[in-house]
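Asker: Please see the structure below; I have some questions.
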Amino acid sequence: MLRAIQSTSSLPWVVFDEPMFGTVNVEYLIWRETAESLHRGFLDGIAALARAGNYVAVASGGHPAALFDAVFIEVPMVRIGLDCDTDELERRERQRNDVPAGLALASPAIHEGWQYDLRFDTTKTPADEMAAAALAAIEHLH
């Protein structure tokens, strides 16, 4: 969905499939408990891009809603929850080489604490439809 937002919008989107970039061992960013200040610094940088008036999309799966509330304070946002059938989620995970096997099933409480403006079942809804709905919701913020 993030790539669909970026490719269908006429605006310059900065997209983070995970709130990370640069070169650092990925474990330090995925497992925020191992390097909390590094993880928070990355999120603060992403929020600074948004506060400067840029369009930013960030995947937040596995991160606490309260952390994003604190980092993105005063940043208008649309929160989107993505669900997926477990069998399909496992199939997709097997096709990726950037995440360890079993990560999806090890995250059953991924939506805990989050309240969404939009929510989609990615098993049934194509990415372009989700992107169109997200962009329409974002238009209403401005």
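Please treat every number below as a calculation from the coordinates, not as lab data. Quantities reported herein were computed from a predicted structural model and do not represent experimental measurements.
Asker: Rounded if a/c is under 1.5, else prolate if a/b is larger than b/c, else oblate: which is the chain, with a ≥ b ≥ c the root eigenvalues of its Cα gyration tensor?
Answerer: oblate
Asker: Quick one: which residues, 5+ away or cross-chain, put their amide H under 5 Å from the amide H of residue 119? H built at 1.01 Å from N.
Answerer: Amide H to amide H, under 5 Å and 5 or more residues apart or across chains, residue 119 pairs with 81.
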